[in-house]
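Working notes, beginning with the structure itself.
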Amino acid sequence: MVSNGPIGAGVEDFKRYREKGYAYVDKTAMIKRMVDNPCAVALFTRPRRFGKTLAISMLRHFFEIGASPEIFNGLEIMDEMDVVKAHMGKYPVVSISLKDVQGPSMLMARGNLALAIRTEAKRFGFLSESGKLNNFEKSDYSRLVSIQGSDERLHESPLLLTQLLEKHFGKPAILLIDEYDVPLDKSWQNSYYDEMLLLVRSMFSLALKGNDSLEFAALTGCLRVSKESIFTEVNNFIPFSINNELFSDSFGFTEAETEGLLADKGLKHRMGEVREWYDGYNFAGTQIYCPWDVIRFCYDAQTNPSVKLKPYWMNTGGNAIIKQLANAAGQSAREEIGSIIDGNSIFKRVNEELTYSDMDRIDNIWSVMHAAGYLTSTSSLDDGWQELVIPNESVKRIYLEQIDEWFQSRVAANETAISALRNAFASGDASSAEAAANEILIDFISARDYSAREGKKEAYYHGLLLGALADMQGWHISSNEESGYGFWDIAAKHALNKIAFIIEVKCSSSEEALVEASKAALAQIEERQYWNKLSKAGAVDIMLYGAAFYKKECRIVSKRLELA
């Protein structure tokens, strides 16, 4: 069910969402499922920007003492009066987000954790004057509202806060932890993982295992980090991953929800495009759309109904895993990356429990990419094997951008081949240019070659040459500029001398046809007189190059054009 109202893009507080009247895709059925299927610790793992933070906020505002029933009016949960009467507003709730527990050093990360604890503790100012707490307990509360990252008892803070609230209210507390795995992810990227692991492991062990002041806990994150790594001795939690049916539609939008939202905004005619760009996730058999992409599209379409669809999810950060995959990929894996970009599937064993120390292995990175939303499963086989594909066009753009960035950096790192390529084109030596290009292709082209469908591959070889020539000292390089009877692919004119060159790029259908394709490229330059603009700019000695590519092979032919 979708409620009417303007789009509230980026709003993650449930109460504010409802009070402002923003369009809301009703996910309150999740509350009844949690009540009907109780567990001591529930761990929900979903990709980033799939509504985890809003869900945690929803749970807090439903269960917390002092809850406002009116913000749930009209939502599904209000049809479950037994649940409402028994649980709404009945518990003290501690809600902590770990999304900002990060930084370039452990010192900064500890400071940010202390800030998160202080901020939450200050919501319970009444504890400082509670008649239910003794002086020692009030002193403990005072320490929580001023705790610093250097405090040796920082790891005890969530446990202590639940104990104080249970003592004050006479009821066990609910503990909600959002983005539980961010501290581990960021510490792994910044080389203080072991220190952070000890802190988080100790904090969770104290708060979640044997805590008599706890009614239940719910955690959210992107990855299910191995029990042996972080949940040591916490054997009372139930993981609800993307492969679990019970909460399969609690995060992200279903087909019906997406269609309802678009219809409410007068955008139902864009449903086909939205499906291509933002659908494709398979959560335990339920087809799911990326909610962030859908919401952002609807937000932009409020002022421009014909707005083009964009990869909004790509621009929310957190794409380091794609870079890691590209850097870790060998020849075979690079070809697999290219294959899935081209719309094919791959078969991989998916491991739902990983430690960050395992992530340098390419086989484990595939599992991480599946959990994080960069791949989705179309079918499951025996022994954890799954058929994986890129979910949609939006995610495909992430692969193309990140692989392009990786590819260009790798090409640029081969200074010898790049220098030889530049010198050869500048001096009119087609044979040497061909040799240098082939040297570059041997090492770098696998993922790039397969990263576009037929008819579009030419743009990637074009990009290869353009990237290699971009910083030629003393030359002005241009691409896709109109001249004569068309647009040249690449042209260069020397800043001082009256020399220039033009390159036309073609893709061949086979290695045997490379020479003919290169000749066709050269003929196109001549027929369409691409040199016209260079001639008007003063160039009198112009080299024409026809460059043809097939996978890792290149052929270049040339002709010198001397203008009087």
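The values are calculated or read from the model by the stated rules, or taken from the named source; none is laboratory data. This one's a predicted model, so the numbers in the text were calculated from it and none came from an experiment. Note that each Cβ is placed from the backbone with ideal geometry, even for glycine, and that neighbours are counted across all protein chains shown. Ligands, DNA and RNA are excluded from the accessible area calculation, which covers all protein heavy atoms including side chains. Shrake-Rupley method; radii C 1.70, N 1.55, O 1.52, S 1.80 Å.
Taking a cut-off of 17 Å between Cα atoms, list the lysines near Lys85, but don't count ones fewer than 8 places away on the same chain.
Within reach: Lys32, Lys171.
Applying a 10 Å radius around every beta-carbon, put 144-152, 109-117, 19-27 in order of their mean neighbour count, most first.
Put in order of decreasing packing, that is 109-117, 19-27, 144-152.
Taking the alpha-carbon distance from Lys552 and a cut-off under 27 Å, which lysines remain once sequence neighbours fewer than 8 residues away in the same chain are dropped?
Lys323, Lys348, Lys396, Lys456, Lys457, Lys506, Lys519
Take Arg60, Arg528 and sort them by solvent-accessible surface of the protein heavy atoms, 1.4 Å probe, largest at the top.
Arg528, Arg60
What is the diffusion coefficient of region 2-100 in µm²/s, taking the Kirkwood radius over Cα pairs and the Stokes-Einstein relation at 37 °C with a viscosity of 0.692 mPa s?
In µm²/s, the coefficient is 231.
Quick one: accessible area per residue over the chain, 1.4 Å probe, rounded to a whole number of Å²?
Ligands and nucleic acids excluded, the result is 42 Å² per residue.
Determine the percent antiparallel among the DSSP beta bridges restricted to the chain, to the nearest 5.
If we restrict to bridges inside the chain, about 55 percent are antiparallel.
Can you list the residues of region 73-104 with backbone N under 13 Å from a point 7 Å past the Cα of Lys132, pointing along Cα to Cβ?
90-93
Give a residue-ordered list of calculated ³J(HN,Hα) values for region 427-435 (Karplus: 6.51 cos²θ - 1.76 cosθ + 1.60, θ = phi - 60°; whole Hz; x for Gly, Pro).
Once θ is set to phi - 60°, the couplings for region 427-435 become 9, x, 9, 5, 4, 5, 4, 4, 5 Hz.
With only alpha-carbon atoms in the gyration tensor, what are the semi-axes of the equivalent ellipsoid for region 13-52, in Å, largest first?
The answer is 23, 14, 9 Å, longest axis first.
Determine the relative contact order of the chain: mean sequence separation of Cα pairs under 8 Å and six or more apart, normalised by residue count, in whole percent.
Result for the chain is 11 percent.
By per-residue mean of other Cβ atoms within 10 Å, what is the highest-first order of 30-38, 206-214?
206-214, 30-38
Starting from the residue with the highest accessible area, list His370, His168 in decreasing order, probe 1.4 Å.
I get His168, His370, largest accessible area first.
When every alpha-carbon pair in region 79-147 is counted, what percent end up more than 18 Å apart?
It works out to 55 percent of all Cα pairs.
What does the helix-only formula give at 222 nm for the chain: each DSSP H stretch with n ≥ 4 adding -39500 (n - 2.57), the total divided by the residues, and the result rounded to the nearest 500 deg cm²/dmol?
-13000 deg cm²/dmol
Excluding Pro172 itself, what net charge comes from residues whose Cβ is under 11 Å from its Cβ, given Lys and Arg +1 and Asp and Glu -1?
0
Among the listed pairs Lys15/Lys99; Lys268/Lys551; Lys20/Lys209, which are separated by more than 30 Å between their Cα atoms?
Where the Cα-Cα span goes over 30 Å, the pairs concerned are Lys268/Lys551; Lys20/Lys209.
Which value, to two decimals, describes the C-alpha radius of gyration of region 101-219 once divided by 2.2 N^0.38 Å?
Relative to the rule-of-thumb radius for its length, region 101-219 sits at 1.07.
Per the Kirkwood definition applied to all pairs of different Cα atoms, how many angstroms is the hydrodynamic radius of region 463-550?
For region 463-550, the Kirkwood estimate is 13.2 Å.
Can you give me the convex hull volume of the Cα atoms of region 512-564, divided per residue and expressed in Å³?
Here the figure is 75 Å³ per residue.
Quick one: net charge around Ala9, please, counting Lys, Arg +1 and Asp, Glu -1 for every other residue with C-beta under 14 Å from its C-beta.
+2
Round to a whole number: what % of the accessible area of the chain belongs to carbon and sulfur, probe 1.4 Å?
C and S atoms contribute 47 percent here.
Suppose R0 equals 56 Å. What FRET efficiency, 1/(1 + (r/R0)^6) with r the Cβ-Cβ distance, do Ala40 and Lys552 give to the nearest 0.05?
After rounding, the FRET efficiency stands at 0.50.
Kindly state, as a whole number, the per residue volume in cubic angstrom of the convex hull around the alpha carbon atoms of the chain.
Value for the chain: 176 Å³ per residue.
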